[in-house]
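The values are calculated or read from the model by the stated rules, or taken from the named source; none is laboratory data. Please read these numbers as outputs of a predicted model, since none were measured by experiment. Note that we place each Cβ from the backbone using ideal geometry, even for glycine, and neighbour counts take in every protein chain shown.
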Amino acid sequence: MEKTKIKTALSSIGLTGKESEVYMYVSANPESTAGTVSRHTRIARSKTYEALDRLCAIGLVSHISRDKTKRYYSSGTSVLKGLYLRQMNEANEAIEYIKNMSILRPSETTVRVLDGEDAYKSIKESFTAELRKGDEMLIIGSPAKMKPELVEYFGKFHQKRMARGVKLRILYNRDVEKERLDRARKWKHSEVKCLPKNNSPAWVEIYGNRVVMPLVSDRIKVIAITDKAISESFRNYFELLWKSSKKPKISK
């Protein structure tokens with residue numbers, strides 16, 4: 001595992017960058033003095049002492065005295081795991097609290113405009129997470145050309161969707177690549193058709209009472225709507241298009 005990834009993982013339990021550096025060094029070099037740690041990590045000695053004091057306070061690092069000098073060593077992975085589990089429990093409690101708050105809040109229409117590929121993926125994943133086995137998501141349109149990274153992401157997304165038993169009906173643009181059509185036809189819990197005429201760079205995704213409309217140019221911009229009446233109107237529009245659309249021909 002790369003050092004940067006380890007530091008990122010340690011930050012998830014509340015360690016700063018300097019604390020992570022010190023902890024990793026002490027774990028690999030038990031019974032190190034503060035001076036040795038400071039010299040090898042290139043962290044100022046005062047900051048090294050601060051990091052060691054906090055690591056000792058939360059139990060990740062212990063020390064012994066030898067020749068009137070403190071020598072530091074890791075307390076073991078069980079302590080690290082315990083801190084991680086505590087963080088997870090606290091996060092789950094926060095999620096439940098926020099969920100209960102949203103239940104008490106009166107229903108209303110929300111419209112959000114998001115910018116960027118990461119924002120699109122995040123809203124797509126969060127809306128899909130609310131669907132249960134047997135629920136259905138609908139998609140109107142899909143650009144003929146799409147970044148390879150997005151095509152790869154969609155493949156992984158639909159693998160997770162299929163594993164959860166969420167159904168899909170999708171209306172592709174007529175000029176979409178045959179490879180993508182053939183791949184989609186093999187998806188489980190899915191039905192695929194092609195629109196009679198459509199070459200728009202935008203498309204519409206419908207999840208329950210939520211609608212996502214990505215628009216692709218140099219960057220993805222997304223309109224995300226939560227409203228039962230609006231989603232129902234898009235759903236009715238989808239059904240009209242579905243009736244007039246045809247299944248793609250099987251490639252030989």
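Applying the criterion of being of a type in the set (Asp, Glu) and surrounded by fewer than 16 Cβ atoms within 10 Å (Cβ to Cβ) to the residues of the range 112-135, the residue that is farthest from Lys221 (Cα to Cα) is Asp135. Looking only at the range 204-241, which residues are farther than 17 Å from Asp135 by Cβ and in a helix (DSSP H, G or I)? Selection gives Ala229, Ile230, Ser233, Asn236, Tyr237, Leu240, Leu241.
The combined condition, being without any contact (Cβ under 8 Å) to a residue 40 or more places away in the chain, of a type outside the set (D, E, K, R) and closer than 27 Å to Asp115 by Cβ, is not fulfilled by Ile225. Here the range 48-72 is the region considered, the condition is being farther than 15 Å from Tyr25 by Cα and small (Gly, Ala, Ser), and the residue that is surrounded by the most Cβ atoms within 10 Å (Cβ to Cβ) is Gly59.
Output the residue which, of all residues in the range 85-106 that are closer than 28 Å to Thr226 by Cα and polar (S, T, N, Q), is modelled with the lowest pLDDT. The selected residue is Ser102. In the range 215-236, of all residues being at pLDDT 90 or above and under 21 Å from Ala184 (Cβ atoms), the one that is surrounded by the most Cβ atoms within 10 Å (Cβ to Cβ) corresponds to Phe234.
Residue count for the range 139-179 satisfying the condition of being exposed (fewer than 14 other Cβ atoms within 10 Å of the Cβ), part of a loop (DSSP other than H, G, I, E, B) and under 22 Å from the mean Cα position of the chain (by Cα): 2.
Yes or no, residue by residue, for (1) of a type in the set (Gly, Ala, Ser); (2) assigned by TED's automatic domain parsing to the domain that holds Tyr237; (3) modelled with pLDDT under 80; (4) within 23 Å of Leu241 (Cβ to Cβ):
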{"site": "Glu117", "(1), (2), (3), (4)": "no, yes, no, no"}
{"site": "Lys124", "(1), (2), (3), (4)": "no, yes, no, yes"}
{"site": "Leu131", "(1), (2), (3), (4)": "no, yes, no, yes"}
{"site": "Met146", "(1), (2), (3), (4)": "no, yes, yes, yes"}
{"site": "Tyr153", "(1), (2), (3), (4)": "no, yes, no, no"}
{"site": "Ile170", "(1), (2), (3), (4)": "no, yes, no, yes"}
{"site": "Val176", "(1), (2), (3), (4)": "no, yes, yes, yes"}
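For Glu239, the criteria (1) in contact with a helix residue (DSSP H, G or I) (Cβ under 9 Å, 6 or more places away or on another chain); (2) at pLDDT 80 or above; (3) of a type outside the set (Ser, Thr, Tyr) hold in every case but one, which is (1).
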